[in-house]
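Novice: This is the structure I have questions about; it appears just below.
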Amino acid sequence: MKFETPSGKIELYSDQAVSKWNISPLPEYIPLKGEMQNETRYPLILMTPNTGSRIHSQFGNLEVIKQVVEMPAMEISFTDAESRKIFTGNKIKIFNHKGCIESVARVTARIPAGIVVLNNGIWLQEGGGGNFLIESQETDIGFGAAFHGNKVEVEKVNEE
């Protein structure tokens, strides 16, 4: 395979990383910066990956999509759900210091403890709106939006 690097190979040491982003030429772990780094009130890391059935928020209204894709839900591990008395199908509140949204829970073994997953592009009326919970900071590489360094708490909504 040929890679888009000066050598055409995978480069673990990258002069481009230094010149483009002013970061170390070697891969390294850099802890989160900002308000969320040491935040203990919000113990869960919010992940907002893309979904295969939409392009961000596009196509969520199409019947062909609705027929073949599960209803949107926030995924949570069995461990985190159990400690919060949350079950699949429960209405939940996801919140942090930035905001609050309501969704539906999907308890799953696919998600490790300490992480919750709410796909991006899910409309607010469908239980989405993850952007309400995201800190406004850039990534260290590429200067994109830092979607995956945000922490939240989740609570079951008591419906009467």
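The values are calculated or read from the model by the stated rules, or taken from the named source; none is laboratory data. Note that the structure is a prediction, hence the values are computed from the model and not measured. Glycine gets a Cβ as well: all are built from the backbone with ideal geometry, and neighbour counts include every protein chain shown. Accessible surface areas use protein heavy atoms only, side chains included; no ligands, DNA or RNA. Shrake-Rupley method; radii C 1.70, N 1.55, O 1.52, S 1.80 Å.
Novice: Near HIS148, within a Cβ-to-Cβ distance under 13 Å, what is the net charge of the other residues, with Lys and Arg +1 and Asp and Glu -1?
Specialist: Working: positive: LYS151; negative: GLU135, GLU138, ASP140.
Residues close to HIS148 contribute a combined charge of -2.
Novice: Hey, what's the Cα Rg ratio for region 85-160 versus the globular rule of thumb, 2.2 N^0.38 Å?
Specialist: Rounded to two decimals, the normalised Rg is 1.16.
Novice: Ignoring ligands, DNA and RNA, how do MET74, MET47, MET1 rank by accessible area with a 1.4 Å probe, largest first?
Specialist: From most exposed to least exposed: MET1, MET47, MET74.
Novice: First select every other residue whose beta carbon is under 15 angstrom from the beta carbon of GLN16; then total the charges, Lys and Arg +1, Asp and Glu -1. Walk me through the numbers on the way to the answer.
Specialist: Details: positive: LYS9, LYS20; negative: GLU4, GLU11, ASP15, ASP140.
Cβ neighbours under 15 Å give a net charge of -2.
Novice: Here's a follow-up. With runs of 4+ DSSP H residues as the only contributors, calculate the mean residue ellipticity of the chain at 222 nm using -39,500 (n - 2.57) per run, divided by the residue total and rounded to the nearest 500.
Specialist: -3000 deg cm²/dmol
Novice: A follow-up question, please. Taking every pair of alpha-carbon atoms in the chain, what share in percent sits in each 5 Å bin, from 0 to the bin with the longest distance?
Specialist: With a bin width of 5 Å, the distribution comes to 2, 8, 15, 17, 16, 13, 11, 8, 6, 2, 1, 0, 0.
Novice: Of VAL107, HIS97, PHE143, which is farthest on the positive side of the dipole of region 85-156, counting Cα position, with +1 on Lys and Arg Cβ, -1 on Asp and Glu Cβ, and the Cα centre as origin?
Specialist: Checked the options; the winner is VAL107.
Novice: Using a 10 Å Cβ count of at most 11 others and DSSP loop calls, identify the longest part of the chain lacking such trypsin sites (Lys or Arg not before Pro).
Specialist: With trypsin sites (Lys or Arg not before Pro) excluded where exposed in loops, the chain gives 111-160 as its longest stretch.
Novice: Residues with beta-carbon under 9 Å from that of PHE95, excluding PHE95: net charge, scoring Lys, Arg +1 and Asp, Glu -1?
Specialist: 0
Novice: Can you sort ASP140, ASP15 by 1.4 Å-probe accessible area, starting with the largest?
Specialist: Working: ASP140 75, ASP15 105 Å².
Ranked from most to least accessible, the order is ASP15, ASP140.
Novice: Could you pull out every one of the aspartates and glutamates with an alpha carbon less than 12 Å from that of LYS20, ignoring same-chain neighbours closer than 8 positions?
Specialist: ASP140
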